[in-house]
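Colleague: Structure in structure tokens, see below.
Please treat every number below as a calculation from the coordinates, not as lab data. Keep in mind that what you see is a predicted model, and the values were worked out from it rather than measured. Counting neighbours? That spans all protein chains shown, and the Cβs are built from the backbone with ideal geometry, glycine included.
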Amino acid sequence: MTSAEHMTWYKKSATVWNKIYEYLATCPSCCDCWSTSGKEKVQPQRLHIQHTCMEQYHPRLDSTSSNAESVRSYRERMDSDNSRTDSVSSASGLSSDSKRHVTPIIDMKPIEFWTANKESVQPRSRRRHPSESEISVENFQRELYEVEPEEEPCLTDEEKLAQFQLGQLHFGLKYDITTKVLVVKIIEAKDLPPPYCLDETKQDMAHSNPYCKISLLPDQKASQQTTVQRKTQEPSWNEYFSFDMEYQEAQERTLEILLKDFDKFSRHRLIGKVLLPLNTVNLIKGGHMWKPLSPGNKECQDLGELLLSINYLPSAGRLTVDIIKAKGLLQTDLVGGSDPFVRVTLVQMEKPVKTRKTTCKKNTIDPVFNESVSFNLTQQQLLAASLVVTVWDHNSKSKDDFVGRVVIGRYATGPQESQHWERMLQSQRSPVAQWHSLKPRADCDQVSVASIAVP
């Protein structure tokens, strides 16, 4: 709408309002609508019904502002004024010939912009919880949690013997159904390579001191080992080892035989290994067999395990350490077993405070101690304390041999040791037992200052 059209419409509207005013001024009977109850009648004046658009909108119609803003503001004002005149017209009873101007109302429905892409949303189905039968032990899948043995290259025994040239091992197997025991017999080995072929640091380059370590994978903890044969490349043992288990469980195991070279002054070197899945052998019938040795991967040094129980009594201020037993300790003597004992040292911050030790167990690598040592500590001292537990092999004619070590407490040697100490702090007055794998002295000194403080 242009400015000229605005002015024409405005003049017509002003003419209508003038006629309405003249009619109301000449009609005294309609003045009652302008009065209130209990008050004096008031004669309507022109200023009461004078349209206000002349003073407010006439300048805007002549201005150079945008036509869209002028029309929008003007229509809003006209709508409010029309509502006022509706009440005035109804009260004065005007005839139908003098109807006022009414702004047309346009019914605009909201436009839906997303109807084209609207998708039906399906309600989420409730998750079904498994029943008791579905989570029973019978449905437990063991293969998901077992550690499978390392697969060897697909080579025949003749190819392994020609390629690796590590010698052969003679052993036997038999399962006794009546006693439910699997018996493994280590008989002999032959054609073992001399030490200089595998380890240049070994003192005796011409002879080995071989022994065998037997395990049923995936369980490597319940291992057993033969005696050490001195200075020979053709060792003979004829030793028997028993494993208690059901026949079905034995069929799921893999026999692992590690042939190692004993060295008193350094770590024991792995010569070769034999892996035999027991489901490929008739265990009931049994029998003897020769198997070539295969090279093994570099493994961490196995020094054995120690079972400890610790307990703190706050009322007495006493820390008690129970040395229960050990198993699979590193053999440090060529003849017979070891003579192990345990030494426990209390370290406060980085200073050794007190040392206690157990009795010596003769000729065994699986000693049972069942002995206790105690230390007096306040709760404040307990938070800064460390226990250095060391296993030694007693020698009557020379210096005792170091077997392995573990540190429990503030300066622990690993997460397992820290976890044992935290469990003790959270459950005081109750003993907390846990197995610990022994570690070399160098590894302990690298991570624990408490180990460095103890010679």
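Colleague: Could you pull the Cα extents of segment 377-444 along its three principal axes, largest to smallest, in whole Å?
Modeller: 44, 23, 20
Colleague: From the residues Pro431, Gly404, Val342, which one has its Cα farthest along the dipole of segment 321-455 in the positive direction, the dipole being from +1 and -1 charges on Cβ of Lys/Arg and Asp/Glu about the Cα centre?
Modeller: It is Pro431.
Colleague: Okay, next question. Convex hull over the alpha-carbon atoms of segment 314-455: what's its volume per residue in Å³?
Modeller: Details: hull volume 14.8 nm³, N = 142.
Taking the convex hull of the Cα positions in segment 314-455, it is 104 Å³ per residue.
Colleague: Going through segment 390-428, which trypsin sites (Lys or Arg not before Pro) have at most 12 other Cβ atoms within 10 Å and a DSSP loop state?
Modeller: Filter output for segment 390-428: Lys397, Lys399.
Colleague: If you stretched the chain out fully between Val183 and Arg356, how much longer would it get, using 0.36 nm times the residue separation minus the C-alpha to C-alpha distance?
Modeller: Details: separation 173, 0.36 × 173 = 62.28 nm, distance 4.04 nm.
Contour length minus Cα-Cα distance gives 58.2 nm.
Colleague: Now for a different question. For segment 267-328, what class follows from the C-alpha gyration tensor (a ≥ b ≥ c being the square roots of its eigenvalues): rounded when a/c is under 1.5, otherwise prolate if a/b is larger than b/c, else oblate?
Modeller: Cα axes put segment 267-328 in the prolate bin.
Colleague: Moving on. Relative to the compact-globule scaling 2.2 N^0.38 Å, provide the ratio for the alpha-carbon radius of gyration of segment 311-361. Spell out each step's value before the answer.
Modeller: Working: Rg = 15.0 Å, N = 51, 2.2 N^0.38 = 9.8 Å.
My calculation over the Cα atoms of segment 311-361 gives 1.53.
Colleague: Is there a pair in Lys185/Lys231; Lys357/Lys397; Lys260/Lys397; Lys185/Lys291; Lys160/Lys291 whose C-alpha atoms are over 18 Å apart, and which pairs would that be?
Modeller: Violating the 18 Å limit, Cα to Cα: Lys185/Lys231; Lys357/Lys397; Lys260/Lys397.
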